[in-house]
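The values are calculated or read from the model by the stated rules, or taken from the named source; none is laboratory data. Remember, it's a predicted structure, so these values are computed and weren't measured experimentally. Neighbour counts run over all protein chains shown; Cβ positions are idealised from the backbone, glycine included.
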Amino acid sequence: MYLATFKVGDKEDWGLVRPEGGLICPARLWLGEAAPPTLLEFIRSSAVSDGVRLGVSAPPPLGDKWINVDDVELLAPIPKPIRNIFCVGKNYLEHIEELNKDGKISGANTQYPQYFTKATHTVIGPFAEISLHSDITSQVDYEAELAVIIGKKGINIPEEEAMDYVFGYTIINDVTARDLQKNHNQWFKGKSLDGFCPMGPWIVTRDEIGEPVELDILSRVNGELRQSSNTRNMIFSIPKLISILSQGLTLEPGDILATGTPAGVGMGFDPPKFLKPGYVVRIEIEKIGYIENRFVE
């Protein structure tokens with residue numbers, strides 16, 4: 001299933017999407033008046049989540065319950081996450097290589113996942129404009145990433161059971177101020193400016209993707225292809241990332257885990273290709289769709 005959060009006028013809602021037909025059905029018309037008020041609450045309901053995984057929540061037939069996606073404003077599927085977005089750095093070997101031009105790659109870079117977080121206020125919609133915050137940074141970069149949505153609570157999750165904790169997937173652009181990242185000698189500040197986590201366009205439930213998760217992932221800047229890879233090239237698989245992250249740390253339904261970016265980021269070019277006012281970044285992932293954001297002053 002494809003599940004989206006959207007706005008009609010001033011009213012925020014969520015519902016079931018048919019991407020191939022460009023249609024969306026509000027949750028209350030799909031699940032009845034007992035439908036949870038938000039997509040996040042839907043995910044956090046273990047009974048409903050189990051139902052989605054088992055495929056028992058049948059969509060309504062086409063008709064007047066469905067509206068045109070073009071008539072709504074798509075928001076981030078989870079506009080207000082309950083916790084910071086969990087992220088993984090350096091999870092594609094070619095990305096590590098482009099950031100280590102002297103060729104000296106420490107074995108430690110591929111021995112353990114590098115986790116960090118982005119603040120919740122960074123989350124914006126899949127087609128929203130993004131401020132470059134040019135008063136404090138001149139090195140804004142893009143990072144195409146597959147994000148995993150956790151579907152049930154768990155701690156110390158065995159790797160072989162980790163996929164049972166996945167609700168679905170979405171797309172994230174892990175926008176980064178490289179100069180702030182360097183100046184502060186850590187990643188949180190440079191990745192947590194307002195608007196630095198466009199997400200969407202919807203959540204695709206686990207059953208739609210198949211396993212292992214091997215999806216083409218790419219980014220374009222003003223139409224120029226910059227990143228092109230496949231999630232099979234991740235150093236740490238989704239089950240391993242979930243399992244290690246959950247060691248001594250309880251994961252909650254609705255948690256978001258961004259799985260890292262492949263080679264082709266702006267900082268990897270010589271000279272670097274950082275974003276400027278008016279630039280449009282499009283992130284595409286197979287079987288999910290795309291997000292596209294214009295950067296402004």
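In this structure, does Leu180 turn out to be among the hydrophobic types (A, V, I, L, M, F, W, C), farther than 14 Å from Ile283 by Cβ and in contact (Cβ under 8 Å) with a residue 60 or more places away in the chain? Steps first, please.
Details: among the hydrophobic types (A, V, I, L, M, F, W, C): yes; farther than 14 Å from Ile283 by Cβ: yes; in contact (Cβ under 8 Å) with a residue 60 or more places away in the chain: no.
Against the criterion (among the hydrophobic types (A, V, I, L, M, F, W, C), farther than 14 Å from Ile283 by Cβ and in contact (Cβ under 8 Å) with a residue 60 or more places away in the chain), Leu180 does not qualify.
Note down all Cβ pairs under 6 Å where the first residue falls in region 184-205 and is among the aliphatic types (A, V, I, L, M), the second is modelled with pLDDT of 95 or more and assigned to a loop (DSSP other than H, G, I, E, B), and they're at least six residues apart or on different chains.
Every condition considered, the pairs that remain are Leu193/His133; Met199/Ala76; Ile203/Pro77; Val204/Ile288.
Please go through region 170-204 and give me each residue that is under 19 Å from Ala119 (Cα atoms) and among the aromatic types (Phe, Trp, Tyr), ordered by number.
Residues of region 170-204 that are under 19 Å from Ala119 (Cα atoms), as a first pass: 170-200.
Scanning region 170-204 gives Trp187, Phe188, Phe196.
So which of Val265, Val213, Val281 ends up being within 17 Å of Pro126 (Cβ to Cβ), in the same structural domain as Ile157 (by TED's automatic domain parsing) and touching a residue at least 24 places away in the same chain (Cβ under 8 Å)? First the steps, then the outcome.
Working: Val265 fails: within 17 Å of Pro126 (Cβ to Cβ); Val213 fails: within 17 Å of Pro126 (Cβ to Cβ).
After applying the criteria, what remains is Val281.
Within region 1-43, which residues are part of a strand (DSSP E or B) and among the β-branched types (Val, Ile, Thr)?
Filtering region 1-43 for residues part of a strand (DSSP E or B) gives 2-8, 11-18, 23-26.
Thr5, Val8, Val17, Ile24 - these are the residues of region 1-43 that are part of a strand (DSSP E or B) and among the β-branched types (Val, Ile, Thr).
In this structure, does Gly107 turn out to be in the same structural domain as Pro272 (by TED's automatic domain parsing), modelled with pLDDT under 95 and on the phi > 0 side of the Ramachandran plot?
Values: in the same structural domain as Pro272 (by TED's automatic domain parsing): yes; modelled with pLDDT under 95: yes; on the phi > 0 side of the Ramachandran plot: no.
In short, no.
Provide a single number: the residues in region 223-242 that are among the β-branched types (Val, Ile, Thr) and under 28 Å from Leu275 (Cβ atoms). Spell out the reasoning first.
Going residue by residue through region 223-242, those that are among the β-branched types (Val, Ile, Thr) are 231, 235, 238, 242.
Within this subset, residues satisfying the condition of being under 28 Å from Leu275 (Cβ atoms) are 231, 235.
Matching residues across region 223-242 total 2.
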